Amino acid sequence: MRITKFGHACVRIEHDGAVVVVDPGVFSQPEAMDGATAVLITHEHPDHYNPALLEGSDAPVYTIGAVAAQILKSAPAVHERTTVVKPGESFDAGLPVTAVNEKHAVIHADLPHFDNSGYLIQAGDTRLFHPGDALDGPGEAVDVLFLPVSAPWARSSELIDFAREVGASRTVAIHDRVYSEFGSGVFDTQAANLIPAERGYVRLADGADL
């Protein structure tokens with residue numbers, strides 16, 4: 001299995017001929033989509049969903065209803081190969097996937113509470129979890145957690161506690177465009193000290209593999 005980070009919240013998972021890309025957004029490098037066999041989108045915010053990247057690929061798209069509605073407006077040709085998934089639903093995206101949870105973290109009480117689905121992905125013997133913009137766990141053991149590490153809707157203590165709660169064998173930093181390089185370094189130091197060492201916290205550079 002190969003895991004590659006392609007900017008902010010976008011990760012690419014390659015296993016046994018499948019190439020599953022999660023959350024290619026406006027901060028993602030276009031090469032994330034090269035040879036993609038399926039795309040998963042957690043929610044409609046542009047740092048997770050960029051219709052231009054979807055239009056440049058012929059891969060099927062799996063996502064929630066709110067995102068499918070946006071695709072219909074902005075990229076109708078992509079909508080024809082889009083499948084809507086619901087919380088708790090399992091489906092085959094080249095790799096077995098289960099949609100988990102249904103709401104974005106609360107940004108502010110005065111803003112809409114957006115829909116958001118995390119994805120639990122099985123790649124051989126490895127279970128991976130991408131929560132999108134939420135701090136709700138999958139409710140079961142996972143080997144790799146893609147951990148948001150900066151967000152206007154979260155404190156660093158909440159993010160670290162989420163990683164501890166999930167308890168994955170490896171914790172991979174995502175959602176890191178909000179902080180400056182200095183701020184990211186501060187969080188990385190906290191994470192290294194507060195997330196148990198055996199869980200292997202790591203931040204990958206864009207285009208780097210796990």
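For the chain, take the longest principal axis of its alpha carbons; what is the angle in degrees between that and the long axis of helix 181-194, to the nearest 10 within 0 to 90? Taking Cα atoms only, the helix is inclined about 60 degrees. Cross-link partners of K86 among aspartates and glutamates, defined as those whose alpha carbon lies under 14 angstrom from its own and excluding same-chain residues fewer than eight positions apart: E102, D115. Rounded to the nearest Hz, the phi-derived 3J(HN,Hα) couplings of the stretch 148-154 under the Karplus curve 6.51 cos²θ - 1.76 cosθ + 1.60 (θ = phi - 60°) are x, 10, 7, 6, x, 10, 8, where x marks glycine and proline. Taking all protein chains together, R164, R12 sort by accessible area into R164, R12, largest first [probe 1.4 Å]. Per atom type, the chain shows carbon and sulfur on 51% of its accessible surface, probed at 1.4 Å. Give me the angle, in degrees from 0 to 90, between the Cα long axis of helix 65-74 and the longest principal axis of the Cα atoms of the chain, rounded to the nearest 10. It works out to around 60 degrees. Calculated from the structure at hand, volume of the Cα convex hull per residue in Å³ is found among [x] 165; [y] 109; [z] 122 as [y]. With 0.36 nm allotted per residue and the present C-alpha distance subtracted, the D209-E165 stretch has 13.3 nm of extension available. Per residue, the stretch 1-108 exposes 41 Å² of accessible surface when a 1.4 Å probe is rolled over the protein heavy atoms with every protein chain present. Taking Cβ atoms as reference points and 11 Å as the exclusive limit, the residues near P51 contribute a net charge of -1, counting Lys and Arg as +1 and Asp and Glu as -1. Could you tally the net charge around V85, taking each other residue with its Cβ under 13 Å from the Cβ of V85, Lys/Arg +1 and Asp/Glu -1? In short, -3.
Charge tally around G35: other residues with Cβ under 13 Å, Lys/Arg +1 each, Asp/Glu -1 each, net -2.
Largest GNM mean-square fluctuation among F146, F129, F187, using the chain with Cα springs under 10 Å: F187. Taking the longest Cα principal axis of the chain as reference, the axis of helix 156-166 is set at about 80 degrees.
Relative contact order for the chain: 17 percent, from Cα pairs under 8 Å spaced at least 6 residues apart, divided by residue count. Each label was represented as a point 7 Å from its Cα along the Cα-to-Cβ direction; for E55 and R177 these points are 1.8 nm apart.
The values are calculated or read from the model by the stated rules, or taken from the named source; none is laboratory data. Not measured: the values here are computed from a predicted model. All Cβ positions, glycine included, derive from the backbone under ideal geometry; neighbour counts span all protein chains shown. With ligands, DNA and RNA removed, areas are computed over all heavy atoms of the protein, side chains included. Shrake-Rupley method; radii C 1.70, N 1.55, O 1.52, S 1.80 Å.
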